[in-house]
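First the structure, in the form of structure tokens, and then the observations on it.
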Amino acid sequence: MLRALLERVVAVGRLTVTIGEEPAFSVGAVPIDMPRLDIAVRLTDRRTADLLALDPEYQVGECYMDGRLTIERGSLGNLMEVIGHTLARRPVMGALARVRELLARLLARSNTLRQSRRNVERHYDLSEAFYRLFLDADLQYSCAYFADPGMTLEEAQAAKKAHIAAKLDLRPGARVLDIGCGWGGMALTLAQMADVDVTGITLSAEQLRVARERAAAAGLADRVRFELIDYRQVEGRFDRIVSVGMFEHVGREHFGDYFAAIDRLLDTNGVALVHSIGRKDRGPGFDRWMREHIFPGGYIPAASEAVAALEATGLWLADMEVLRLHYAATLRHWRLRAVAQRAAIEAIYDARFYRMWEFYLASCEMGFRFNGLMVFQLLIAREVAGVPITRAYIAQAEARLFADWEPGTCGKPGMAGTEAAE
């Protein structure tokens, strides 16, 4: 079954498969211009092969994570590139996949206040030391902005923060809310860049601890505060709201709650920016393996779904930008850093956890390169004249902020990364 499936779907590259001690078989051909796409894998037994044939979308991740699928020639990144080329031409769904996808939809839990906190704990309360092994110095865990393709990860993350700050049209003394503040890097950077007062919120106790420690170390605790609270429970009014990498955790059934909270919290003449992973078209909005092991409760929206929920509030969509391959480049940096730090990651957790994380990073990179994923930034205004009427102000402010910014403790543009060649 597996050989028949692969012969039918492999579009680019050659895949050689060995099942247990049986003779190997190969499908496809090595492209002249892509010799890296010559992959050999070994499966532990026929049961593993049957599972892959019946439900490839889910079982590739399961089998790799469990060590039942190992790569003997090439790398996981190369294998995911072969899969990506295949999906880009003819999506594969095994006999069990549709049933499992339907069951996953039926059994998915709503992201209530309690469930949202549990979901966040599963992913973001992992060790700070672990995240520091593959993120940039500022612990930015969202899509970087490669204004120049040759940027290091550190430079691109700094450029992302300057890009967002420029769009927000910040004024000294402004009250800023950071929804989903992570380890505090964005909030601290905005306070440094523009002399604003920032409140960051998270549901991760580990992120809260780190963010508060960083604010104190930077001497910014009087202007940057962090709280453990859900966005639906925040009170007060803010001149600016920023939310980076949070909307994809809200869940489709709560899109209205999310934008209603922005509407309620945004003051007169206020401006908000929502930065989220999205899809170029409508689809299931989640990957079963990813939801089970990495992001419980996650849902990747089509941009149209987000805009429809925003429209219900009466707020203005002042600008929308789509970043297509920026997250693929970001994920590649993260993945290569993680690969270089394999021994350290396994020392913190174990080999199975490492393989799980490597597969997560590689499969997400594939999704952004081949499978319709992107990032969108929605600039939202309370009033029709809430931001200048052309984009010129963004480029002007961005250049000024990035040129004049003294990074302090929040990451240094130009810092060399630890990427290795694949």
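One line per residue, one yes/no per condition, for (1) modelled with pLDDT under 95; (2) surrounded by fewer than 22 Cβ atoms within 10 Å (Cβ to Cβ); (3) of a type in the set (A, V, I, L, M, F, W, C); (4) closer than 25 Å to residue 230 by Cα:
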site	(1), (2), (3), (4)
119	yes, yes, no, yes
125	yes, yes, no, yes
133	no, yes, yes, no
140	no, no, no, yes
145	no, no, no, no
148	yes, yes, no, no
157	no, no, no, no
- prompt: Has the range 140-156 got at least one residue that is in the same structural domain as residue 260 (by TED's automatic domain parsing), more than 18 Å from the chain's Cα centre (by Cα), under 14 Å from residue 244 (Cα atoms) and not charged (D, E, K, R)?
  reply: no
field: Residue satisfying all of: in the range 235-265; of a type in the set (A, V, I, L, M, F, W, C) and in contact with a strand residue (DSSP E or B) (Cβ under 6 Å, 6 or more places away or on another chain); surrounded by the fewest Cβ atoms within 10 Å (Cβ to Cβ) among these
entry: 265
Which listed residue is at pLDDT 60 or above and either within 19 Å of residue 188 (Cβ to Cβ) or outside any strand (DSSP E or B) (or both), from 420, 399, 416: 399
query: Residue check: is residue 170 of a type outside the set (Ser, Thr, Tyr), part of a loop (DSSP other than H, G, I, E, B), in contact with a helix residue (DSSP H, G or I) (Cβ under 6 Å, 6 or more places away or on another chain) and touching a residue at least 60 places away in the same chain (Cβ under 8 Å)?
result: yes
query: Residues in the range 362-370: is at least one closer than 23 Å to residue 282 by Cα, touching a Phe, Trp or Tyr at 6+ places or on another chain (Cβ under 6 Å) and not in a helix (DSSP H, G or I)?
result: no
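One line per residue, one yes/no per condition, for (1) closer than 19 Å to residue 278 by Cα; (2) surrounded by 16 or more Cβ atoms within 10 Å (Cβ to Cβ); (3) in the same structural domain as residue 133 (by TED's automatic domain parsing):
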residue	(1), (2), (3)
311	yes, no, yes
318	yes, yes, yes
323	yes, yes, yes
337	no, yes, yes
341	no, yes, yes
347	no, no, yes
351	no, no, yes
- request: For the range 134-159, enumerate the residues that are closer than 18 Å to residue 336 by Cβ and aromatic (Phe, Trp, Tyr).
  value: 134, 141, 146
statement: Per the filter on the range 281-307, residues at pLDDT 85 or above and either part of a helix (DSSP H, G or I) or out of contact with any helix residue (DSSP H, G or I) (no Cβ under 8 Å at 6 or more places or on another chain) (or both) are 288, 289, 290, 291, 292, 293, 302, 303, 304, 305, 306, 307
- line: Reported set for the range 237-280 where residues are in contact (Cβ under 8 Å) with a residue 40 or more places away in the chain, of a type in the set (Asp, Glu) and either under 17 Å from residue 311 (Cβ atoms) or part of a helix (DSSP H, G or I) (or both) is 248, 253, 263
query: In the set 406, 383, 358, which member is more than 25 Å from the chain's Cα centre (by Cα), of a type in the set (D, E, K, R) and at pLDDT 90 or above?
result: 383
task: Kindly indicate the residue of the range 1-19 that is over 31 Å from the mean Cα position of the chain (by Cα) and at pLDDT below 95 and also farthest from residue 83 (Cα to Cα) among those meeting that condition.
output: 1
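The values are calculated or read from the model by the stated rules, or taken from the named source; none is laboratory data. Computed from a predicted structure; not experimentally measured. Positions of Cβ are backbone-derived with ideal geometry, glycine not excepted, and every protein chain shown enters the neighbour counts.
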